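Enquirer: Just dropping this structure here.
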Amino acid sequence: MSLTPTPTTTLGHELAQAARDEGLGWQRRGPLLAGLLFFATTAAWLRGEPGWALSLGLWVGHAASDGLCGALARRWRTDRPEVLPPLLLGALLLGTLLGWAVEQAVRATPFTPEARVTRAWLHFAFGAIMLAWPLLLGLRRLRAVRRVEQERARLRAELQMLQAQIEPHFLFNTLATLRSFVRQGSAQALPMLDAVSGLLETSLDRVRQTDGTTLGQELQVVSHYLAILELRLGERLRWRIDVDPALHALPLPPLMLQPLVENALQHGIEPSEPGGEVELQARRAGRQLQLVVRNTGLPLASSTPPGHGLALANLRQRLQALHGDAAGLTLASDAQGATLATLTLPLP
């Protein structure tokens, strides 16, 4: 398997993207046109004022730095990331010199040598602040977006890992049951094979999906699974699915129901000598979908500690990764002593 190398993100790449995102390079023309209008209309009676000359010089210097930095960011070659930061600094210095020269040109009285140096530092500090502010905001937003993308990638990898732990357990148990029937020469081998074929047909195309499946599709997988277990356990297992067909189209991540059903069989039905019944229910409550798996086998208190098997632990981790605190899984006993596993999921 070949791996495509991930491109390295450098400060140069980030600065170029931030400059483009923040509109450097006179992409936002409102402030530029407002400055032109202001200085054009006030030049007739304010030109002799020192404050007017300083304002004009600062505005010209910032406009020049902004335009040059934006142009450099748009035309910069991405294969030379180390070149852009000094180029942006050079654009700032050019803008500073231009603004400083404009102020001196329009000022009525010349500067002393000391005042020239002071004014040059003032122009540089103003230009640096006006340029650094949008770049820092852009870098902050850019890195926040990147952190979100990295977190999504981490969660996706975690979901795939957790799902990979469930899948072999799910499929291998089913095949082991079929193998035992074949070895015994049981008449139930052919019905079991049909049930396994139906199970694989409905599950394999969906089992590695993290989204895109529906409640109806997952119920198909579970019904095949229960049919297989019914052949193996015989009269010790009774099951039914009580779900309104109108809910079948609701979205449901894959392998959410099956671990609950398997847990009910493993800890409730199989250890119980008379067996019991497994019932699946689903109901919509506002913006939530509640899935309930009820089993009448061994009571919840017989499991030590209850609700901490690998399947349920993986399921809880998947719920946290997919929905955070908006989803939940609870285990409880009803008034008849049956165990209820209730899965709550948010609906889009």
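Each value in this text was obtained by applying a stated rule to the coordinates, not by laboratory testing. Values in this document were obtained by computation on a predicted structure and should not be read as measured data. For neighbour counting, all protein chains shown are included, and Cβ atoms are generated from backbone atoms with ideal geometry for every residue, glycine included.
Enquirer: Sort D244, D194 by Cβ crowding within 10 Å, fewest neighbours at the top.
Expert: D244, D194
Enquirer: For a quick check: with amide H placed at 1.01 Å from N, whose amide H comes under 5 Å from S333's, ignoring anything fewer than 5 positions away on the same chain?
Expert: Under 5 Å from the amide H of S333: L340.
Enquirer: What does the extension gain come out to for Q288 and L193, with contour length at 0.36 nm per residue minus their alpha carbon separation?
Expert: That pair, Q288 and L193, stretches by 30.5 nm at full extension.
Enquirer: Additional query: What Kirkwood Rh does the range 186-346 have if only Cα atoms enter the pairwise 1/r average? Answer in Å.
Expert: Answer for the range 186-346: a Kirkwood hydrodynamic radius of 16.2 Å.
Enquirer: With r defined as the distance between the Cβ atoms of A144 and R236 and R0 fixed at 51 Å, what FRET efficiency is calculated, to the nearest 0.05?
Expert: Working from the Cβ atoms, E equals 0.35.
Enquirer: Looking at the calculated P(r) for the range 11-148, what percent of the C-alpha pair distances fall above 19 Å?
Expert: Looking at the range 11-148, the distances longer than 19 Å represent 54 percent of pairs.
Enquirer: Between A246 and R28, what FRET efficiency comes out of the Förster formula 1/(1 + (r/R0)^6) with R0 = 51 Å and r the beta carbon distance, rounded to 0.05?
Expert: 0.50
Enquirer: Would you please give the FRET efficiency between A108 and R74, computed as 1/(1 + (r/R0)^6) with r the Cβ-Cβ distance and R0 = 41 Å, to the nearest 0.05?
Expert: According to the calculation, E is roughly 0.55.
Enquirer: When only Cα pairs under 8 Å and 6 or more residues apart are kept, what is the percent relative contact order across the range 186-346?
Expert: Relative CO of the range 186-346 lands at 19 percent.
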